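Working notes, beginning with the structure itself.
The values are calculated or read from the model by the stated rules, or taken from the named source; none is laboratory data. Since this is a predicted model, take the numbers as computed values, not measurements. Cβ coordinates were reconstructed from backbone atoms using ideal geometry, including for glycine residues, and neighbour counts include every protein chain displayed. Note: areas computed on protein heavy atoms with side chains; ligands, DNA, RNA excluded. Shrake-Rupley method; radii C 1.70, N 1.55, O 1.52, S 1.80 Å.
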Amino acid sequence: MPLVITDELLRAAGMSEPEAKIEIACRWFDMGKLSFGNAAKLAGLDETEFEIQLQRRGLPRHRYTED
């Protein structure tokens, strides 16, 4: 199922298509909706570049639990 975000909405958000993909990928990864690899793929980045984008947003790459 394709998701269409119109150019008008991107302009309203002040984002380009690549910026929107990265933002969505970071947020979905942070929410636990996508694995790291799939989020990087959605963002169109290699894993190193995706990790940098997470760091820029203050989002951790790993979530540690008490276990």
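At a threshold of 8 angstrom on Cα-Cα distance, excluding pairs fewer than six apart, so keeping six or more, what relative contact order does the chain reach in percent?
Over the chain, the number comes to 24 percent.
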Inset, instruction - Just the number, please: carbon plus sulfur as a percent of the accessible area of the chain, 1.4 Å probe, no ligands or DNA/RNA counted. - result: 52 percent
Inset, instruction - Classify segment 8-47 as rounded, prolate or oblate, taking a ≥ b ≥ c as the square roots of the eigenvalues of its Cα gyration tensor: rounded when a/c is under 1.5, otherwise prolate if a/b is larger than b/c and oblate if not. - result: oblate
Inset, instruction - Over all alpha-carbon pairs in the chain, figure out the percentage whose distance exceeds 15 Å. - result: 53 percent
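Given a Förster radius of 30 Å and the C-beta distance between residue 33 and residue 12 as r, what FRET efficiency does 1/(1 + (r/R0)^6) yield to the nearest 0.05?
0.80
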Legend entry - For the chain: accessible area per residue (Å², 1.4 Å): 78 Å²
Inset, instruction - Specify the angular offset, from 0 to 90 degrees and rounded to the nearest 10, of the alpha carbon long axis of helix 17-30 from the longest principal axis of the alpha carbons in the chain. - result: 30 degrees
Inset, instruction - Quick one: which residues, 5+ away or cross-chain, put their amide H under 5 Å from the amide H of residue 5? H built at 1.01 Å from N. - result: none
Legend entry - Protection-proxy order for peptides 22-34, 3-15, each taking the mean of Cβ atoms within 10 Å per residue, highest first: 22-34, 3-15
